[in-house]
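Peer 1: Quick one: the structure is below, and I'll ask about it shortly.
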Amino acid sequence: MANQLPQISVLGAGIFVKTQYIPRLAEISHLFVLKSIWSRSEESAREAVEVAKEHFPGVECKWGDKGLDEIIQDESILGVAVVLAAQYQVDMSLKLLKAGKHVLQEKPAASSISEIETSLSSYKSICANSPGYPIWAVAENYRFEPALVESKKLLADIGKMMSVQLIIEASMNSANPYFSSSWRRNYTGGFILDMGVHFIAGLRMLVGCEVTSVSAMTSHVDTTLPPPDNISSVFHLENGCSGVFAMVVSSKTPKILWRIVGINGTVEIGRGNQGGQHGYMISFYGAGGHCKSNFYPFSGVTAELKAFLHDISQANLKKGSSYEVEPRLSFIEGARDVAVLDAMLESGNKNGALVQVKKF
């Protein structure tokens with residue numbers, strides 16, 4: 001049975017792989033075979049493999065250029081999860097795609113508009129020369145979080161949209177395992193871009209249309225963080241509605257909240273904890289003032305991994321012919337998330353000037 005399941009590899013052996021990817025993959029281990037884990041160094045690769053062996057006893061350890069070449073040349077490996085420092089992810093993804101591998105790349109999709117444009121051009125060329133085009137997916141779990149999926153359904157009951165608010169008061173301090181991450185400190189947009197794409201993805205999915213223009217102000221207050229660490233933006237949507245996006249990278253009072261106000265009611269989605277489970281509480285306020293609330297634990301990472309495995313299995317079955325892929329995973333969706341934040345950061349650099357969001 002095992003040889004009929006899709007075989008995948010994971011590139012990367014950092015904190016996120018060991019604490020998120022491996023446990024989430026273990027939840028759906030009946031759907032695939034984890035062939036190998038790769039890292040640049042032997043030490044980090046072995047550390048990750050040691051964690052994975054509890055759930056995947058047959059996983060192989062790969063490292064360095066030789067290990068990467070072995071993964072690329074292994075025709076039994078259908079898909080590769082690229083979970084590296086963001087500066088290196090796009091080049092690595094394109095290298096794998098060119099070799100015919102399906103790729104699930106961690107967010108953000110890219111670091112800038114220019115990198116997106118170059119990447120899309122390269123990917124188009126790769127697909128033009130492939131009989132069955134390789135899938136380039138971006139792992140954005142917020143498009144799969146049950147709370148946001150269910151909230152989108154509720155928006156039909158609030159009537160014409162009048163206002164959207166998105167408030168993120170994160171807690172990126174020395175107690176956070178990602179606080180000392182060197183690549184996030186040397187990355188264009190830093191923590192604002194790396195963290196912010198989650199919330200922009202959720203925003204775009206909820207409202208069901210694109211952000212067309214933004215005006216933002218940025219500041220650098222906490223000197224233990226790279227600049228900027230605060231951003232406040234007004235944004236305009238295709239549907240004519242406007243909204244506010246406010247993000248603080250390190251707050252003593254963490255809070256994440258979407259609030260969408262319509263002519264007939266309001267939907268509010270707030271980060272919370274219930275019964276020891278982290279997730280989001282949805283509250284629907286109807287025209288009569290009554291409130292209905294439901295809590296949804298986080299499960300988007302598992303859902304996105306399942307979607308990717310389904311897609312590569314279908315692609316393998318339908319070699320040389322067309323096949324449907326999960327649109328929420330597409331590279332273009334991840335690129336659109338980055339484009340919104342890129343415009344906000346550009347506006348902040350221009351003291352709040354109105355900036356049009358690049359369309360993809």
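The values are calculated or read from the model by the stated rules, or taken from the named source; none is laboratory data. What you see is a predicted model, and the numbers here were worked out from it, not measured in a lab. As a convention, Cβ positions derive from the backbone with ideal geometry for all residues, glycine included, and neighbour counts pool all protein chains shown. We work out accessible area using only protein heavy atoms, side chains counted, and drop any ligands, DNA or RNA first. Shrake-Rupley method; radii C 1.70, N 1.55, O 1.52, S 1.80 Å.
Peer 1: Which residue, GLY12, GLY300, GLY208, has the most motion in a Gaussian network model of the chain that connects Cα atoms within less than 10 Å?
Peer 2: GLY208
Peer 1: Given labels modelled 7 Å from the Cα in the Cβ direction, how far is it in nm from SER213 to GLN4?
Peer 2: Placing both labels 7 Å beyond Cα along the Cβ direction yields 5.7 nm.
Peer 1: In a Gaussian network model over the chain where Cα atoms closer than 10 Å are linked, find which of ALA109, ALA175, ALA303 has the largest mean-square fluctuation.
Peer 2: Maximum among the listed residues: ALA175.
Peer 1: Can you tell me the orientation of helix 300-317 relative to the chain, as the angle in degrees between its alpha-carbon axis and the longest Cα principal axis, to the nearest 10?
Peer 2: 50
Peer 1: Where only protein heavy atoms count, and the probe is 1.4 Å, what is the accessible area per residue for region 125-179 in Å²? If you can, show how the numbers build up before the last one.
Peer 2: Values: 2360 Å² over 55 residues.
Heavy-atom accessible area per residue stands at 43 Å².
Peer 1: Going by Cα centres, region 1-51 and region 184-220 are how many Å apart?
Peer 2: 29
Peer 1: Another question, if that's okay. Given 0.36 nm per residue, what is the gain on full extension from SER174 to ALA128 after removing their alpha carbon distance, in nm?
Peer 2: Numbers: separation 46, 0.36 × 46 = 16.56 nm, distance 4.66 nm.
Computed gain between SER174 and ALA128 is 11.9 nm.
Peer 1: A follow-up question, please. Students often get this wrong, so check it: of LYS101/LYS306; LYS18/LYS98; LYS255/LYS306, which have C-alpha atoms separated by over 24 Å? Let's see the in-between values first.
Peer 2: Details: LYS101/LYS306 17 Å; LYS18/LYS98 27 Å; LYS255/LYS306 29 Å.
As for pairs spanning more than 24 Å Cα to Cα, those are LYS18/LYS98; LYS255/LYS306.
Peer 1: Using 1/(1 + (r/R0)^6) with R0 = 30 angstrom and r between the beta carbons of SER163 and ASN273, what's the FRET efficiency to the nearest 0.05? Show your work: numbers first, answer last.
Peer 2: On the way: r = 27 Å, r/R0 = 0.91.
For SER163 and ASN273, the calculated efficiency is 0.65.
Peer 1: Taking the Cα atoms only, what angle lies between the long axis of helix 113-128 and the longest principal axis of the chain, rounded to 10 degrees?
Peer 2: In the chain, helix 113-128 runs at an angle near 40 degrees to the longest axis.
Peer 1: Calculate how steeply helix 331-349 sits against the longest principal axis of the alpha-carbon atoms of the chain, using the helix alpha-carbon long axis, and give the answer as 0 to 90 degrees to the nearest 10.
Peer 2: In the chain, helix 331-349 runs at an angle near 50 degrees to the longest axis.
Peer 1: Now for a separate question. What Kirkwood hydrodynamic radius, in Å, does region 150-226 give when the mean of 1/r is taken over all pairs of distinct Cα atoms and then inverted?
Peer 2: 15.1
Peer 1: As a test of the formula, what do you get for the chain when each DSSP H run with n ≥ 4 contributes -39,500 (n - 2.57) and the sum is divided by the residue count, at 222 nm and rounded to the nearest 500 deg cm²/dmol? All intermediate terms of the calculation are to be shown ahead of the outcome.
Peer 2: Details: 10 runs with 124 residues, N = 360.
Here the helix-only value at 222 nm equals -11000 deg cm²/dmol.
Peer 1: Further, regarding this structure: Counting other Cβ atoms within 10 Å of each Cβ, which GluC sites (Glu not before Pro) in region 45-74 have at most 15 and sit in a DSSP loop? Walk me through the numbers on the way to the answer.
Peer 2: Working: sites: GLU47, GLU50, GLU54, GLU60, GLU70; in loops: GLU54.
Counting only loop positions with at most 15 other Cβ atoms within 10 Å, the GluC sites (Glu not before Pro) in region 45-74 are GLU54.
Peer 1: Semi-axes of region 78-191's equivalent ellipsoid from the Cα gyration tensor, sqrt of 5 times each eigenvalue, largest first, rounded to whole Å?
Peer 2: Values: eigenvalues 178, 106, 37 Å².
Equivalent ellipsoid of region 78-191: 30, 23, 14 Å, largest first.
Peer 1: Follow-up question, since we're still on this one. How many angstrom lie between the C-alpha centres of region 287-342 and region 90-128?
Peer 2: Their Cα centres are 18 Å away from one another.
Peer 1: Here's a follow-up. How much length, in nm to one decimal, is gained on full extension between HIS55 and GLU42, taken as 0.36 nm per residue of separation minus their Cα-Cα distance?
Peer 2: Values: separation 13, 0.36 × 13 = 4.68 nm, distance 2.06 nm.
Going from the current span to full extension adds 2.6 nm.
Peer 1: Roughly how far apart, in whole Å, are the Cα centres of region 131-166 and region 225-271?
Peer 2: Value for the Cα centre distance between the two parts: 15 Å.
Peer 1: Less than 17 Å apart at the alpha-carbon level, and either on another chain or at least 8 residues along: which aspartates and glutamates does that give for LYS359?
Peer 2: Qualifying aspartates and glutamates at Cα under 17 Å: GLU115, GLU117, GLU210, GLU238, GLU333, ASP337, ASP342, GLU346.
Peer 1: Using a Gaussian network model of the chain whose springs link C-alpha atoms within less than 10 Å, name the residue from THR188, THR253, THR266 with the highest mean-square fluctuation.
Peer 2: Of THR188, THR253, THR266, the most mobile in the Gaussian network model is THR253.
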